[in-house]
1. I'd like the Karplus ³J(HN,Hα) series for the range B:220-228: coefficients 6.51, -1.76, 1.60, θ = phi - 60°, whole numbers in Hz, and an x wherever there's a Gly or Pro.
2. Between A:K110 and B:V150, what is the spin-label point distance in nm, taking each point 7 Å from the Cα along the Cα→C-beta axis?
3. Would you mind ranking B:S167, B:S14 so that the residue whose beta carbon has the fewest other beta carbons within 10 Å leads the list?
4. Two decimals, Cα atoms only, Kirkwood Rh: what is Rg/Rh over chain B?
5. Select from the range A:29-64 those GluC sites (Glu not before Pro) which occupy a DSSP coil region and have at most 14 other Cβ atoms within 10 Å, ordered by residue number.
6. Calculated from DSSP H runs of 4 or more alone, at -39500 (n - 2.57) each and per residue, what is the 222 nm mean residue ellipticity of chain B, nearest 500?
7. What does the convex hull of the alpha-carbon atoms of the range A:97-199 project to on average, in nm²?
8. Translational D (Stokes-Einstein, µm²/s) of the range B:1-143 at 20 °C and 1.002 mPa s when Rh comes from the Kirkwood sum over C-alpha pairs?
Amino acid sequence: MSPLLEVRGISKQFGNLTVLADVSLALSTHEVLAVVGPSGSGKSTLLRCINLLEPVDDGEILLEGVDIADPEFDADQARRRIGIVFQSFNLFPHLTVLDNITLAPRKVVKMSEEEAQITAQHLLTRFDLSDKRDEYPDRLSGGQQQRVAIIRALAMSPSLMLFDEPTSALDPELVGEVLDAIKTLAAEGMTMIVVSHELGFARDVADRVLFMDEGRVVEEGLPDQVLANPRTDRARRFLRLMAEAR
Amino acid sequence: MTEAEAPHRDPGVSPGRARRLAFHKRQRRRSLFIGALSTVVVFGVVILVVINSPGWPTVRESFFSWEDFKASFPDILTGFVRNVRIFLIAEVFILIVALVLAVIRSSRAPVLTPLRLAATAYVDLIRGIPTIILLFLLGFGVPALRLQGVPNSQEFWAITTLVISYSAYVAEVYRAGIESVHESQTAAARSLGLSSAQSMRWVVLPQAVRRVIPPLLNDFVALQKDSALLALLGVQEAFRRSQIYVAETFNFTAYLAAALLFLIVTVPLARFTDYLIRRQRERTTGTSL
């Protein structure tokens, strides 16, 4: 079976700084890939490139066999099939929870207001947030905001979900509820890439782990292998530091 | 602090808290007193100096004549209704034209490049020309061309001048608002599949406009005052009416009457603006994440 997503040798520079150097990866449907690595290793940029929020300098990004990174390809078309959840939630502060969720379905795929609301209500109930539907984002806790952000992305029925350090901006006691939501999604078979510093979580949820450093994929394999018995020095050093920090 | 003291106090307020409250109350009373005293002293001195100046009797006669105030007021008031009307008409167009200019200047679409250059040039040029010169150029120049189908009314050109001039300023206010919306908002909108135009319309603009309401109101205050410039084209508004009265009687009280009418509109507007700014600041510092 051909992979849902195949990244072939993408690179990205910001000025003189090489952020991604010849990165490749493949992801099958229902697969969960965790991306770990030190700050500045290019993990977030990788996600932003896959979502076409940043144009790549070189390489191909095949989504269901079509190169969406081709400059000729309509990026809006690709983005609606790939959901992304940001570190800082990025909810729309002027809209209620419900409107945050229904905006894209209504404007992008021209779903009727009722239909969009039914979908939203269904998702809100599933993630235990239906009592918050008419609140504005600044009235919610960070964990609730991030779960709304997940729902907002899910409302477009994406075939792939990207998580960019979804719990890094949260107070420690709120991390669990967001990780649980992501676990639920994984259990339901959502295909996703999760960039996270929560190594325990990566180990639990991911089918495969990718270790990045300085814009390159340094190591890739099963979670137990990469996170417990890394082959490279760099990965070993990083994991030791992470373990000490705990 | 001891148990013996406790029964004498309000049961809900601890002794330490009560002492603090009393202290703050004393402080508040003191600053109120100082504020009132210095106001009275400063204004008292100014009034005394003015009243004791050698020219005061003449000035009182020609600027503060109750008789002339009464006589000129109805006429000026009729003129002022015109000021308000001009202001309201101009404002609607300014808000629309300026928004269009700001969106064009903020957009990065290559198709809009010529428009963007034009909008930038427009804003630069118009902000560089004194409104009064623009008023003369359009108000006297265009009607003199005697073009077919182009309105000759001075009021039309006067309003057009205000729209042209103020749109440039208001466009910059809008643009500042658009740029103050963090790019992560656009990223979130685009990531959901919204086009850049849709992101602007549904995500950026609603937030930008809300943020710039206070500075916009500030410009409204200025516009309301500048409607008096129309007198220079002979439009029969409040200032023009008062000029006529002054020319007939050689008494300047009519100017004061006109000024008073402007204040009745602009002062509440300015207070309201301040109130909005304060509320916005409280919001952003109070509950922001």
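Where a number appears in this text, it was derived from the coordinates with a stated rule and is not lab data. If you're wondering where the values come from, they're calculated on a predicted model, not measured in any experiment. Reconstructed Cβ throughout: ideal geometry from the backbone, glycine too, with neighbour counts over all protein chains shown.
1. Per-residue couplings from phi come out as 4, 4, 5, 5, 4, 5, 5, 5, 5 Hz.
2. Each label point lies 7 Å from its Cα, and together they span 4.3 nm.
3. Fewest-to-most ranking of B:S167, B:S14: B:S14, B:S167.
4. Expressed as Rg/Rh, it is 1.13.
5. Listed in order of number, the matching sites are A:E64.
6. Dividing the helical sum by the residues of chain B leaves -26000 deg cm²/dmol.
7. If you wrap the Cα atoms of the range A:97-199 in a convex hull and average its projections, you get 6.5 nm².
8. Rounded to a whole number, D works out at 90 µm²/s.
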